[in-house]
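Single-structure report; data block below.
The values are calculated or read from the model by the stated rules, or taken from the named source; none is laboratory data. Just so you know, these numbers come straight off a predicted model, no measurement behind them. Note that each Cβ is placed from the backbone with ideal geometry, even for glycine, and that neighbours are counted across all protein chains shown.
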Amino acid sequence: MIVLRLRSALAATTLSLMASTAWAAAPTPSRGVPVPDSSLTTQSDGASLEVNPAGLGFLTGTELGYRFFYPSDTYDDVLGAGHGLSLAAGNGFAGIGAQVQWLRNPVLGADLGSYRKYTLAGALAVPRLLSLGVGLNTFGSRTNERLNALTTIDVGLQWRPSAHFGAGLMIRDATPAFLSEDHALPTRVGVGLALRGFDGRLVFDTELYHVRGDRLLYVEPRIMGEFYPGVRIFARGAMTVDRRQEEESRFIALSAGAEISAGTFGASVASHLSKSATDAGTDFVGMGGRVWLGSQSRRSFIAPGSRWVRLDLDESIAEQAQSELFGPSTRSFLEIMNQLDGLTQDAAVDGVILSVGNSALGYAQLWELHQAFQRLHEAGKHSVALMSSTSTAGIYAASAAREIWMLPVTPYAPTGLQAELTSYQGMLETIGVEAEFIRIGAYKSAPESFVRTHPSEEALEQTGEYVDQIYEELTSRIASRRGLETEELQEIIDHAPLLPDEALERGLIDALVYDDELNSVMRERFGSMVRVEEGYHPVRIADEEWGSRPEIAIVYIDGAIVDGGSGRSPLGGSIMTGATSVTSLLQDLRQDSNVKAVVLRVDSPGGSARASDLIYREVRALARTKPVIASMGNVAASGGYYVAAGADEIFATPNTLTGSVGIFAGKFNVERLAQRAGVTSTPVQRGARAGVFSLWRGWSDDEIDGVSETMSYLYQLFLTQAAERRPLSADELDKVARGRVWTGTAAREARLVDTLGGLLDAIRRAEDLAGLRTDQVDIVTRLAPTGLTSMMGFRAWLGAFIAGNSPRSPHRLVDALPPGALRQTLETLETRALWPLYFEQGQALMLPLYPIELR
C-alpha cells in the first residue's frame, strides 16, 4: 500500500510511500518493498519482517515469500521498482526470519539509488496473546560505503487480548543510525488498533504514524473482508493531520487489492493511487504483489479433498500422558478422544481406520470409544477397524467401527471375562508373617487377600455381579454391531477360537487383510482416489488463533491415593496421586480466573483415607468458586469415589467400577519371621497403646477396640461427607455402601452417580455450567507437581535406581520387558500384593475388594 508525497521543483508536490510501508515524509533507505495488505496488528507471517517483527512470534510453521513493486511510468523516477525474498519460521511461542530486498529509491540520490536491504528478526510470544519482536537491518551498496556501514534496528509489539480486538506498535530506526555525519535517520513510530469479527474474516484496522521532526501525523484506516473462504478484498486510505493545525487535514492516497489463498500457498496484489500534484484528481502510482508458500495454514478457496485417517489403539495410550527422557512415553486417552471428536467435525475427513492392537485400556474407556464412534457415524462418516488383537477387549474395541478387517494369520479368539481373586494368606503364614486387619462393611473385602485362604461369600457375590453386568454389556454391544443375538455371540465365545475363514463366514468380521494390503484394499473398497493419513493433525487456521481463551482444566486422580507428593511406584511404575500435590494444584485452579470450570478425571481405587479426605475437602472448596464435574474412568471406588463425591456432578460409564464406600486398617506382624532369622525385639514403651502399630507383635484386645472405634468414626465421616453432595442421606448411603462395589449403571440407579457418560460428556457439561461454547474454550490438562522430596518421589527415584535408570527419569521397571507373561506377572504382583506396603502400618485405607482386573 503506497502513499506518494514528493516535493519536486517542477510539480511543487510531495509524494511519499504510505506510512505503513515507507513510513512517510523524509526519504530513508529503511523503506522496503511494500506489502500489498499490511497491518501492524494482524500481520503474523513472513511479511512481518517488513511490517512488524512482533508478528513472527505468532507464526506457526515455515513460510517462503516473494514481494515486488513496480511504479507507473509517471513515478518511476521517484519510487523505483523493488523485489524481496523472505524466509520465516515459528511455533507460536517464538519465531525467526530473514529477508533480502533489492531496492531502487531515486529520491535518496544517484549514489544511493540502488542498494540491498538485509533483515534478520526474531520474536517471543505468549501464545495467542502478546508478542515482542526485534529486527536488525543492514545494507549493501556498490556506490556508497556509508550505506554499507549502516545498521538500523526495528522494535515491534502485538497485543491480542481477545478474538475481536488487537493492538500493534512498531518503531523503525529505533536506535540512532547515521547515513550522513550530521543527521540520524528519523525514528518512525506507528500504532495500530484492529477490530475483528467472524474469526478474522472481517477486519477494521486504523493505524497512526509519526516521524520524528515532522509536524504531520498520518492516519490510515483499513478494511478487509473475506466473503468467500480464501478470497479477500482489502482497501486502505491515508490522510494527513497537522499537529500544529497550520493546514487542514486532507486525503492523500488510496490503495485496494485482493488476496487468494489455497491454504498453504497464495498471492495478493494491490493498486496504489495518490492525490495528483494539481489536486485535480488521482494518479496511478504503481502496483505491488506478494506470493508465499508455507506450512502455516490459512482458509482456502479450494474445497478440501476427501481423506481417511488412521488411528492406532495400542500400548502407547494411557489414562494420562507420560513423557520420559529414557524409556517409552505414553499418549493420553483424552488425546485420542479429542482426535475422534475433531474427526467428527472435520468436513474433509470421510472415515477413520482404527488399528486395534494390544492396549491397556479398560472396558470403561472402550465404552467411551464406542460413544465417540457413534457420534462419528451420526456425522455421516465411515469407519473400519483393522484388528490384530482378537482378545475379548480387542474385539470389543474393534466393534465400535462399522467394518472389521482382521489379519489372516490371527484366529478369532475371544475368551470371555475372568476376574481372579488371589489370596496370599498361606504364603504369609509359611514365611511367618501374620496379617491383621479391621474393616467396616461386610463387603469391604480388600484385606481378605491377606487374612483368608479363599474369598468370602460377599466378595464372590459382588465380583460375580460386576463381571456379569460387564459381560452382558460388551457381548450385547458386539452382537448388535454384527447383527447377532447376544446368546449366539456368547455361544461363539464359549467355543472360541474360530479360524479366520470361519469368523468371516459367520459374519463376525468383514474381511481378511494384511497391514501392507490396507491401501490397495481401501482403494478397491472406497475408490481409487482414497487417501489414508497416519494420525490426525487438525488444521490450525492462523487467523483463528487470536486471544487468550477461557479454559476448562482437566485434573487427574490416577492410581492409588497417597499422602505427600505424587509419584510412581518403584516396581511396576504405577502412577500414584499424592494429596499434597493435588491439593496444591486445586488451590491454584481456585485462584486462576482464566479457568472457568474443572473436570476431575478419576481412575483410582482409592488409598489413604486421610489423603482422600484432604483432596475431597479441596474439591469442595473449588466447587464453591467454579463448576467441578467428576468423570469416572475404569475405576473410581472407595477413596476414588470419595474424591469424586466432592464435585457438583458425577459422570460414570456403564462399565465403571465404583462405590465401595467403606474403610479398613491393618498391619503385618513379622515376629515369627524375625525369630526364624534370629532377630528379636524388646519394646520399651510408655503408654498402653504405644506399640499398636509395631511390626514385632500382634494386636491386643484393647488395641483392637481402639482401632475399631477409629474405623467406625472414619466410616461415618466418609458417609456424611460423601452424602453431602448426593441426593442421599448418610443413612440412605449406608444401605448402598458397606464396602460394596457397583457398575456405573447400578451406581446411577442407586444415586451414587448422576449421569452415564464419558470424559468428553463431562467436559461438555462443564462448558455448559460455565456458560461457554465448545469453540470458545481451551481444554487444558493440569498435572499435579511431583518431586523427589516427597516419599513417593523418593520411592520412584529408588525404583529407577534399582532398574539402572537415571534418577531424573524414573519410569517403569516393566517397560524394559516385552509384552508377555513375565511382564504381566510383575504388574499383577504390584497391584494385588504390594500396594499395602506403600502405606503406613495401621493407616486407615479406602480401597475396594480384591483388585478386579478383567482379562
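Worth pointing out:
- Within region 16-59, tally of residues that are modelled with pLDDT of 90 or more and not in a loop (DSSP other than H, G, I, E, B): 10
- Residue selected from region 85-125 under the condition of a type outside the set (A, V, I, L, M) and outside any strand (DSSP E or B), by the criterion modelled with the highest pLDDT: PHE93
- Candidate set from region 173-204 (those that are among the small types (Gly, Ala, Ser) and surrounded by 17 or more Cβ atoms within 10 Å (Cβ to Cβ)); member that is farthest from the chain's Cα centre (by Cα): ALA177
- GLU545 exposed (fewer than 15 other Cβ atoms within 10 Å of the Cβ) and either on the phi < 0 side of the Ramachandran plot or touching a strand residue (DSSP E or B) at 6+ places or on another chain (Cβ under 9 Å) (or both): no
- Any hit, region 343-355, residues being over 22 Å from the mean Cα position of the chain (by Cα), surrounded by 19 or more Cβ atoms within 10 Å (Cβ to Cβ) and not in a strand (DSSP E or B): no
- Filtered residues of region 618-664 (kept if outside any strand (DSSP E or B), crowded, with 24+ Cβ neighbours inside 10 Å and polar (S, T, N, Q)): SER638, THR653, ASN655, THR656, SER660
- Residue ID - modelled with the lowest pLDDT, chosen from residues in region 597-633 that are among the hydroxyl-bearing types (Ser, Thr, Tyr) and more than 26 Å from the chain's Cα centre (by Cα): SER608
- Here SER359 meets each of (1) part of a loop (DSSP other than H, G, I, E, B); (2) small (Gly, Ala, Ser); (3) touching a Lys or Arg at 6+ places or on another chain (Cβ under 6 Å) with one exception, condition (3).
- ALA89 being crowded, with 16+ Cβ neighbours inside 10 Å, hydrophobic (A, V, I, L, M, F, W, C) and farther than 13 Å from THR62 by Cα: no
- Complete set of residues in region 455-488 that are touching a residue at least 60 places away in the same chain (Cβ under 8 Å) and β-branched (Val, Ile, Thr): THR463, VAL467, ILE470, ILE478
- Only a single criterion out of (1) assigned to a loop (DSSP other than H, G, I, E, B); (2) within 30 Å of the chain's Cα centre (by Cα); (3) surrounded by 20 or more Cβ atoms within 10 Å (Cβ to Cβ) is not satisfied by ILE763, namely (1).
- Strands (runs of 3 or more DSSP E) contained in region 555-617 and holding at least 1 residues of a type outside the set (Gly, Ala, Ser) and in contact with a Phe, Trp or Tyr (Cβ under 6 Å, 6 or more places away or on another chain): 595-604
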